[in-house]
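Comments concern the structure below.
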Amino acid sequence: MTQAPTAGRPAHAGSVVARRLAGALAATWFAATVLGVLDLPAVAVVVVLGVLVMLSDEPDTRDPRRGVVASRRNAVLAGGATAAFVPVAVGADLLVGRVPLEIAPLVLGALAGVCVALPRLAQTRELAAPAVVGRRELILGVTALVAGARAYQAGETVIAMVAFAVVLPVVMVVRRVRRGEGRPRWPAHRAHRIQAANLWFFLAVLAAAGLPGTFVVWGSYLPGAGPVVATAFWVGLALAAVLVAVPVRRVSVTANLLALLASAVLVAQLVGTLSGPRDAVTIGLPHAGAWTAISAGRSALVNNHWTLTVQRDAIDVVGITDGRTHDGDGTRLEDFLIFGQPVLAVADGRITEVVDGLPDLPVGGYTRRDMAGNHLVLDVGGGHHVLYGHLKQGSVRPGVGEQVRRGQVLAQVGDSGNSGEPHLHLQVQNRPTFDVEDRTIRTHPILFADAVDADVRRGEMLAPLVGVPHGGGSRR
């Protein structure tokens with residue numbers, strides 16, 4: 001749908017072709033990502049789609065008085081976008097047990113695309129004063145909202161934080177240069193000062209969100225890149241904070257609302273990260289050496305499992321040396337420090353479920369079928385059951401019903417199930433079996449007895465206290 005040229009400002013033929021090309025690319029991108037042709041982070045998919053949809057429309061600056069208005073048509077579009085956004089915001093939790101988990105990303109991706117595309121149809125008209133919200137700004141605002149929700153639900157919060165911190169100052173510079181508003185000055189007007197304070201607060205909260213072990217996960221994403229990623233994040237935030245003091249002429253209602261919402265979400269996540277556990281279960285360590293938690297804690301900032309109820313309090317552990325989870329080039333499972341390492345019983349108990357025949361996937365392989373891969377469940381009493389996930393094929397020793405003692409070798413760490421690289425998935429749950437589509441499963445926070453850190457968060461070590469024999473201590 002191409003907007004008619006504004007009176008007195010005929011659209012150049014080249015710009016019309018460019019907008020139509022952007023629209024065609026947006027449709028192609030949407031189809032390719034929803035059908036799974038491209039395997040990219042959800043946040044990147046949404047952002048690229050939003051930019052292409054935005055470029056398919058007339059620039060807001062071409063006629064500053066043309067803006068989105070209150071109308072019946074826009075109310076219907078807003079209702080449709082809201083209906084599509086609700087499941088996107090809730091995430092896979094809403095779909096688990098209702099649709100096959102393999103298609104959940106496709107459903108959420110399609111709904112995210114609908115949210116981004118509908119603002120392109122918003123009704124606009126000439127106003128008596130400069131528009132509060134133009135259609136391009138509306139598209140970008142909705143895109144940012146949906147991208148943030150998808151990043152949070154898909155466990156990509158850290159990726160989104162880094163990407164935002166790197167891209168934001170670049171966008172701010174380009175916007176100021178293109179509009180000829182690059183002369184440094186302190187915000188002179190009250191509205192600009194309020195906007196600056198709001199944006200500085202958001203940047204400060206975003207900076208705080210980067211402190212609690214957030215970037216340790218890059219040791220798994222891109223081994224050795226942790227320092228580079230962290231530096232890019234902090235430099236980007238610093239540049240953005242400086243550029244906030246160089247305001248553009250128009251105060252952006254959309255940007256301010258998004259900044260307030262993002263600040264509230266990040267503050268909530270920080271509170272969760274720093275809060276103590278409730279209804280925790282204390283167990284022993286599942287290994288004899290020193291491993292590292294790559295995903296653990298009570299917020300999406302430090303725990304990739306947080307948004308899915310059936311694994312909310314789970315912990316992923318790997319072996320890390322010199323910031324790397326593997327030796328060599330990391331293309332073979334045997335390169336990984338934790339692969340094949342023995343897994344120990346965390347308490348006396350009885351085995352209630354064993355799966356041992358699934359293959360270990362190649363490095364980087366994922367599957368949403370049999371997500372836990374080879375696994376076993378250990379009943380440790382009190383209605384609590386410990387799930388060990390992603391075990392090595394053929395390595396599980398005990399059978400269902402067998403009694404085991406704390407410290408006994410149960411299996412070896414593998415790379416089966418939904419596992420990008422060898423690691424151990426550990427969680428305490430209320431059920432004696434595991435199925436990701438079992439909506440009755442609830443997890444408990446884990447505390448480790450006789451460990452250096454009892455309440456482990458991302459980036460912290462799982463290691464026994466010096467002088468305490470493994471297998472000592474008590475479980476409550």
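The values are calculated or read from the model by the stated rules, or taken from the named source; none is laboratory data. Only a predicted model underlies this, so the values are computations on that prediction, with no experimental measurement involved. All Cβ positions, even for glycine, are placed from backbone atoms using ideal geometry, and neighbour counts span all protein chains on display. Ligands, DNA and RNA are stripped out before the accessible areas are found, and what is left, the full protein with its side chains, is counted by its heavy atoms. Shrake-Rupley method; radii C 1.70, N 1.55, O 1.52, S 1.80 Å.
General observations
- For the chain, accessible area per residue (1.4 Å probe, heavy atoms of protein chains only), Å²: 45
- Whole-Å semi-axes of the range 310-467's equivalent ellipsoid (Cα gyration tensor): 23, 19, 15
- The angle between the Cα long axis of helix 72-90 and the longest principal axis of the Cα atoms of the chain comes to about 20 degrees, rounded to the nearest 10.
- With 10 Å bins from 0: P(r) over the range 60-215, alpha-carbon pairs, percent: 9, 27, 33, 24, 6, 1
- Spin-label proximity, Leu121 to the range 70-97 - amide N less than 18 Å from point 7 Å beyond Cα toward beta carbon: 70-86
- Share of carbon and sulfur in the accessible area of the chain stands at 63%, probe radius 1.4 Å.
- Estimated FRET transfer efficiency when R0 is 35 angstrom, pair Thr367-Ala232 (beta carbons, to 0.05): 0.65
- Val173 paired with Val271, simple spin-label distance in nm, labels 7 Å along Cα-to-beta-carbon: 3.7
- Taking 0.36 nm per residue of separation and subtracting the current Cα-Cα distance, fully stretching the chain between Leu38 and Ala245 would add 70.6 nm.
- The residue among Gly210, Ala454, Gly373 whose Cα reaches farthest toward the positive pole of the charge dipole of the chain, with charges on the beta-carbon of Lys, Arg, Asp and Glu, is Gly210.
- Inter-label distance for Ser15 and Leu260, nm, one decimal - labels placed 7 Å from Cα along Cα-to-Cβ: 3.3
- Nearest-ten-degree value, helix 157-178 long axis tilted from longest Cα axis of the chain: 20
- The range 35-120: C-alpha gyration tensor shape, a/c 1.5 cut-off, then a/b vs b/c: oblate
- Antiparallel bridges, percent of DSSP beta bridges restricted to the chain (to nearest 5): 90
- Nearest-20 debye value, the chain charge dipole, Cβ charges on Lys, Arg, Asp, Glu: 2780
- Most positive-pole-ward Cα, Ile441, Gly323, Ala78, against dipole of the chain from beta carbon charges: Ala78
- Between the helical axis of 253-274 and the longest alpha-carbon principal axis of the chain there is an angle of about 10 degrees.
- When log10 I(q)/I(0) by the Debye sum over Cα atoms at q = 0.06, 0.14 Å⁻¹ is computed from the coordinates, the matching label among (1) -0.31, -1.48; (2) -0.32, -1.33; (3) -0.58, -1.27 is (2).
- Helical runs assigned H by DSSP (4 residues or longer) give the chain a calculated mean residue ellipticity at 222 nm of -12500 deg cm²/dmol, each run adding -39500 (n - 2.57) before division by the residue total.
- Potential lengthening of the chain between Gln393 and Gln408 amounts to 3.5 nm, from the contour at 0.36 nm per residue minus the alpha-carbon distance.
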